[in-house]
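Enquirer: First, the structure itself, so that you have it in front of you.
No value in this document is a laboratory result; all are computed from the given coordinates. Everything quoted here is computed from the prediction, not taken from an experiment. Here Cβ is always computed from backbone atoms with ideal geometry, including for glycine, and neighbour counts include all displayed protein chains.
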Amino acid sequence: MLPRIPQQSAASGPKRFGVDAGLSAELAPVVSGARRRALRDGDRQIDTAHLLHSLLESDPEVRAAFGGGPQLDRLLGYLVQRSIGYGLRWQSAVEDFGAGAVTADGRWSPVAADAMEEAHERAVLRGDERARGLDLLVALVADPRSRAVEVLGRAGVELPRLLERAGSGREECAGRSDAG
C-alpha cells in the first residue's frame, strides 16, 4: 500500500482551476491513461512523463510531431522501460523542483499541473476553449527540469525541432521561461 499523501489546502499555492478542466475530447483519454499509468507504476502522483507516454499512445498529431521512425520508437521504448521498472528512482518521488505550487487533490505533480494549465492557456490564446494534444506537448517541453524533458533527452529528441513540428515558435517557450 502506498503512503497516504497529505491533503493540502488550495490556499497554500496558487489558485488553480481544476486540472482536468478545459480538456478537449482528445485530451480526456490522455489524462485518464496517465492516471492509470501512475497508479499501475506505483507512483504517488501523475507526472509529466506519464502525460507524455499517454499522449504518444493516444494522439496521432503528437506522434506526427516526432516525425515517426527510430526516434519515436526509442522514445516509446524508454517510456515502456520506465513503466516496467527501470524508472524506479522516480517512484514515490514528487516532481516539483521546489516549485511551491500544489494541487488541492494531490494527484498531480506540481510540474504536471503547471503543464496542464499552460496547455489550457495556449488554447485560449489560440482562440479555443479546449486544450489539445499539441498544446499539452508544447507545455510539457516548456519546463527543462520536467521528467518529460529528461525522457525526451535520453531518447535523443531535439526539443527545438520538436517544437517547430508541433507548431510552436521558440518565443513561446522563452516567454514562459521569462514569466516563470
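Enquirer: Sorted by average packing, counted as other Cβ atoms within 10 angstrom per residue and highest first, what order do 54-60, 69-75, 107-113 take?
Expert: On the way: 54-60: 19.0, 69-75: 14.4, 107-113: 26.0.
Per-residue mean Cβ counts within 10 Å order the peptides as 107-113, 54-60, 69-75.
Enquirer: Another question, then. First measure r as the distance between the Cβ atoms of residue 129 and residue 61, then evaluate 1/(1 + (r/R0)^6) with R0 = 22 Å and state the FRET efficiency to the nearest 0.05. Spell out each step's value before the answer.
Expert: Values: r = 18 Å, r/R0 = 0.83.
After rounding to 0.05, the efficiency reads 0.75.
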